[in-house]
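Read the structure below first, then the notes.
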Amino acid sequence: MAQYQSQTVPREKFLVMSVNLLYKAFLESRRTEAKNVFRDMLAGKSVHLTNVQMEDKSQVRFEIALDHSEYRGKLNFGGFRASLVQLVAQLSEALREKRDVTVFTAEHNPDVMIFGVTAVTYEDGQPCVMVLGADSTPARGAIELRLQYLDPDQFAPTTDAEPETPPG
């Protein structure tokens, strides 16, 4: 059995790698290839993207998965691609501007994270919010990039404060 060796990659470098992998897999590749990967992800599969050679010459397997449970409407390749174009653009801009990207980690596992950059697109007037996450849990034997749609209602302005009615 292969021994898993932990290696730390700076967050900015990891984001640059991730954005490049997403770009190559879905925006630069042939449409039919990208659609096939999309179909597999839509079916709940984690799809192998590529192996990346690290500075120490070790190989790291990258996979991609999609959580579309919070997508509003019927997700098709065009809607997915529009979200991804927006996400890649937002992440690229954050990296270019050297912004500090907030990272949210899972309570139960710090190797599962979501990057705090969102891409908002609209499907039939309904907002759809996509984010990039990653699971680098050593037991996986690969890094899984996770494209995930979030519930857009959590980003809506709250109207908790009701106007007071004068006593009377």
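The values are calculated or read from the model by the stated rules, or taken from the named source; none is laboratory data. Predicted model only: the values in this text are computed from it and were never measured. Don't worry about glycine lacking a Cβ; one is built from the backbone with ideal geometry, like all the others, and counts go over all protein chains shown. Only protein heavy atoms, including side chains, enter the accessible area calculation; ligands, DNA and RNA are left aside. Shrake-Rupley method; radii C 1.70, N 1.55, O 1.52, S 1.80 Å.
Let's test the formula: R0 of 25 Å, r as the Cβ-Cβ distance of D56 and R31. What FRET efficiency results, to the nearest 0.05?
0.10
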Cut-off 10 angstrom, C-alpha nodes, Gaussian network model of the chain. Which of A142, A34, A106 fluctuates the most?
A106
Given pairs K13/K45; K35/K74; K57/K98 and cut-off 18 Å on Cα-Cα distance, the over-length ones are K13/K45; K57/K98
Below 12 angstrom from the Cβ of I143, what's the summed charge of the other residues (Lys, Arg +1; Asp, Glu -1)?
-1
Accessible-area order (highest first, 1.4 angstrom probe) of the listed residues D67, D124:
D124, D67
Restricted to Cα positions, what overall size does the chain have along the principal axes? Three whole-Å values, descending.
77, 34, 33
Compare I114, I64 by solvent-accessible area with a 1.4 Å probe and give them largest first, with all protein chains kept in place.
I114, I64
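Could you please report the charge total around E33, scoring K, R as +1 and D, E as -1 over all other residues with beta-carbon less than 12 angstrom from its beta-carbon?
Numbers: positive: K24, R30, R31, K35, R39; negative: E28, D40.
Net charge in that neighbourhood comes out at +3.
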GluC sites (Glu not before Pro) within region 1-86, DSSP loop, no more than 16 other Cβ atoms inside 10 Å:
E55, E70
Roughly what would the spin-label model give for K24 and N76, points 7 Å off Cα along C-beta, in nm?
3.0 nm
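Which helices of the chain meet both criteria: a Cα extent of 24 Å or more along the helical axis and a mean Kyte-Doolittle score no lower than -1.0, with helices taken as whole DSSP H segments?
On the way: long enough: 77-96 (28 Å, 0.64).
Span-like helices, by this rule, are 77-96.
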Could you tell me the accessible area of R11 in Å² (1.4 Å probe, neighbours in place), rounded to the nearest ten?
120 Å²
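Leaving ligands, DNA and RNA out of it, report the carbon-plus-sulfur percent of the accessible area of the chain at a 1.4 Å probe. Each step should come with its number before you reach the end.
Values: 5170 of 10670 Å².
Roughly 48 percent, rounded to a whole number.
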